[in-house]
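Read the figures in this text as sums done on the coordinates, not as results from a lab. Note that the structure is a prediction, hence the values are computed from the model and not measured. All Cβ positions, even for glycine, are placed from backbone atoms using ideal geometry, and neighbour counts span all protein chains on display.
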Amino acid sequence: MPKVTPQQIENLLREYQLDHDGHITIEALGNKSARARFRVGKQHLRPGDTVSGPTLMALADVAMYAALLGEIGLVPLAVTSSLNINFLRKPAQKDVIGEARLLKVGKRLAVGEITLFSDGDPEPVAHVTCTYSIPPR
């Protein structure tokens, strides 16, 4: 059972301007998991009309942050210490979904993976691994 609600995380994201002007929402929190959506607009496309890499990375980072906060509670100072992304295919010009799953949550570090999909497409557009640093309580 998550320690916080999607709404509490969205409020935190807005407070610290991490919601990308309201384009990112947290759709679900589960046991060591989260699902987030990036509502893609023209400003998120790069030449060739594909969703930009920075947009995909932002979604992956927020999805992982949400999964982590679901496990440890609202700890705003938990920060990304590494993020690696593998672009697998060209995303469609529509919303991108990020499904995050925590692999390990320790006292100081959390490790997870995020799979990114174009909305409605079962094939992933990117695979991300991410490590978060958790501040001492």
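Points worth noting:
- Taking every Cα-Cα distance in the chain and sorting them into 10 Å bins starting at zero, the pair-distance distribution P(r) comes out as 14, 47, 32, 7, 0 percent.
- Centre separation in Å (Cα based) which lies between segment 60-137 and segment 7-49: 12
- Between F87 and K107, the modelled labels are 4.1 nm apart [label points 7 Å from Cα along Cα→Cβ].
- Here's how it looks for L109: its modeled amide H is under 5 Å from those of I134, which are all 5 or more places away or on a different chain.
- Highest-first arrangement of 106-113, 81-88, where packing means the average Cβ count within 10 Å: 106-113, 81-88
- Gyration tensor (alpha-carbon) shape descriptor, segment 52-114, a/c threshold 1.5: prolate
- Integer Hz, Karplus 6.51/-1.76/1.60 couplings in order for segment 16-26, x for Gly and Pro: 9, 6, 9, 8, 6, 6, x, 7, 9, 10, 9
- Under the convention that each Lys and Arg Cβ holds +1 and each Asp and Glu Cβ holds -1, the size of the dipole of the chain around its Cα centre is about 380 debye.
- Difference of contour (0.36 nm per residue) and Cα-Cα distance, L45 to E27: 4.2 nm
- The ellipsoid that matches the Cα gyration tensor of segment 21-79 has semi-axes, each √(5λ) in whole angstrom, of 25, 11, 9, with the longest given first.
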